[in-house]
Amino acid sequence: MQPLYIQNSLTRKKERFTPLSPPYVGMYVCGPTVYSNVHLGNVRTFLTFDIVYRYLTFLGYQVRYVRNITDVGHLTGDSDDGEDKIGKKARLENLEPMEIVQKYTNDFHDVMRIFNMKSPSIEPSATGHIVEQIQMIQDIIERGYGYESNGSVYFSVRKFSEDFPYGELSGRRIDDLLSNTRSLDGQNEKNDPLDFALWKKADASHLMKWPSPWSEGFPGWHLECSVMSTKYLGKTFDIHGGGMDLKFPHHECEIAQNIGAHGGERPVNYWMHGNMLTVNGRKMAKSEGNGFTPDELVTGNHPLLERGYSPMTVRFFMLQGHYASTLDFSNEALQAAEKGLERLMTAIVKLSDLPLSVEGMDDTQIPKLMERCAQAMGDDFNTPILIGVLFDGVKLINNIVSGKVTISAPQRQQLQEGLEGYVLDVLGLEVENKASQNGGDEDALMGLLVDLRGKAKDNKDWATADTIRDTLGALGITIMDGKDGSSWKKD
């Protein structure tokens with residue numbers, strides 16, 4: 001099997017990937033907290049691990065990909081204080097918390113489909129694993145790393161650090177953490193400011209709570225990932241991924257919980273973290289006013305966007321940066337990606353109709369091209385290098401079309417299988433606007449736009465909904481709203 005090297009966030013070294021039980025691979029990725037619409041930074045994180053999943057499968061591994069849904073326990077404060085984010089949203093919208101969960105889980109899944117992300121093997125939720133979370137807390141307490149205080153339970157970081165290293169993943173030291181800790185609400189319940197919540201006692205106004213041996217309450221945010229990853233992948237598994245912002249405290253706390261509950265076993269062999277998006281050199285954030293939603297990208301309905309861009313253009317743009325590097329988002333970069341994508345996919349469409357010759361080219365040329373593709377992806381999933389190699393393939397295709405290079409039937413099959421494998425299966429790119437290229441109908445594209453407009457209306461984003469309607473109207477397409485949903489027709 002083709003060798004694969006991964007930059008391990010824990011060891012800070014590039015290591016050859018060796019699964020625990022080949023050909024099986026266990027991979028866990030921290031999923032969304034479902035209380036708001038998905039933003040582009042989230043899309044990049046999940047694209048990173050969509051590529052990992054695709055390439056491992058492409059190599060022949062049998063991958064169990066687990067990606068969780070956080071539907072309880074993620075608080076609005078920067079420590080163990082504040083409201084649950086989902087409960088707060090439910091109060092604001094006068095809905096049941098599970099209505100919020102369902103609404104934004106549906107939105108998340110829709111966005112994943114729009115950008116052609118593969119579904120995980122298992123998608124568990126925190127609320128579906130309360131019993132297991134209580135059991136892990138009991139295991140942690142029994143091993144001496146957890147303690148109860150006023151109905152809440154906390155993890156003792158100092159006690160754990162006496163037996164095991166704490167801070168290896170993020171590079172933080174206990175003494176440095178303590179010196180930077182400020183006083184927070186609820187701090188007096190803890191034995192130490194560094195301790196974090198495993199279980200929080202709920203007050204009377206808290207919407208989401210469950211009975212436990214300590215109080216009626218809810219689990220801490222970090223606990224769910226420890227529970228669900230080990231339940232479905234075992235006490236030690238191959239790959240754990242997430243955004244760079246989760247290294248500390250979330251993933252650091254996960255490691256401590258897993259080791260504390262299971263008696264010292266190393267929970268993960270390879271930690272991977274995707275980096276953030278910037279916009280014109282500045283961090284993408286709501287507070288900066290530069291956070292895009294997928295709807296805004298497709299419609300162009302954002303002050304920083306000159307126009308809308310297709311989902312595959314955005315996907316291709318993101319793949320031009322290595323997952324561990326920051327990537328700057330701009331209209332110029334998107335427009336360049338759009339042109340590059342069109343050139344690549346036009347060449348892919350030409351593959352099946354390449355003119356054939358009896359003799360063909362040098363038999364080593366296509367295998368060498370495919371080997372370079374494998375080397376690029378084998379070097380820590382280096383999609384920018386892979387794309388550069390694929391454009392060498394585009395040059396070869398164009399030379400064949402122009403008659404500068406000849407190709408035999410077996411060689412054409414070899415080239416087509418190889419390039420389509422990397423472009424369609426590994427990178428997950430699709431030929432867009434099939435109606436104009438293949439003479440088919442426009443249902444898929446129009447269905448997407450009608451769906452995006454419907455979601456904008458559901459979210460009371462009238463500006464986006466009106467922009468989609470007016471843009472289509474200018475093209476001679478009318479959207480008709482009815483009690484059973486929306487439909488469209490050409491004028």
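The values are calculated or read from the model by the stated rules, or taken from the named source; none is laboratory data. What you see is a predicted model, and the numbers here were worked out from it, not measured in a lab. Because the Cβ atoms are built from the backbone with ideal geometry, glycine has one as well, and the counts that use them run over all protein chains shown.
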How many residues are part of a helix (DSSP H, G or I) and within 21 Å of the chain's Cα centre (by Cα) when one looks only at region 99-126?
15
Hey, among GLU83, GLU96, which residue is under 27 Å from PRO249 (Cα atoms) and either buried (at least 16 other Cβ atoms within 10 Å of the Cβ) or of a type outside the set (Val, Ile, Thr) (or both)?
GLU83
Here the residues within region 262-297 that are among the aliphatic types (A, V, I, L, M), touching a residue at least 60 places away in the same chain (Cβ under 8 Å) and touching a strand residue (DSSP E or B) at 6+ places or on another chain (Cβ under 7 Å) are VAL268, MET272, MET276, LEU277, MET284
Would you confirm whether any residue within region 181-196 is more than 27 Å from GLY41 (Cβ to Cβ) and touching a Phe, Trp or Tyr at 6+ places or on another chain (Cβ under 6 Å)?
yes
If the requirement is being crowded, with 16+ Cβ neighbours inside 10 Å and closer than 30 Å to SER325 by Cβ, which of these qualifies: ARG412, ARG343, ARG372?
ARG372
Please specify each residue of region 212-238 satisfying the condition of being of a type outside the set (Phe, Trp, Tyr), under 14 Å from VAL72 (Cα atoms), touching a Lys or Arg at 6+ places or on another chain (Cβ under 9 Å) and not in a loop (DSSP other than H, G, I, E, B).
GLY217, PRO219
Starting from residues that are aromatic (Phe, Trp, Tyr), touching a Leu at 6+ places or on another chain (Cβ under 6 Å) and under 20 Å from VAL423 (Cα atoms), keep the ones in region 305-353 and report whichever is modelled with the lowest pLDDT.
TYR309
Which of the residues spanning region 314-329 are over 16 Å from the mean Cα position of the chain (by Cα) and without any contact (Cβ under 8 Å) to a residue 60 or more places away in the chain?
ASP328
Test: PHE49 is surrounded by fewer than 20 Cβ atoms within 10 Å (Cβ to Cβ), of a type in the set (Phe, Trp, Tyr), more than 21 Å from ASP295 (Cα to Cα) and modelled with pLDDT of 95 or more
no
Just a yes or no: is a residue in region 169-183 in contact (Cβ under 8 Å) with a residue 40 or more places away in the chain and closer than 19 Å to CYS30 by Cα?
yes
From the list LYS190, LYS231, LYS201, which one is touching a strand residue (DSSP E or B) at 6+ places or on another chain (Cβ under 8 Å), at pLDDT 95 or above and either surrounded by fewer than 24 Cβ atoms within 10 Å (Cβ to Cβ) or not hydroxyl-bearing (Ser, Thr, Tyr) (or both)?
LYS201
Condition check for HIS251: in contact (Cβ under 8 Å) with a residue 12 or more places away in the chain and in a helix (DSSP H, G or I):
yes
Filter region 192-236 for residues that are more than 26 Å from LYS247 (Cα to Cα) and among the hydroxyl-bearing types (Ser, Thr, Tyr) and give the result.
SER205, SER212, SER215
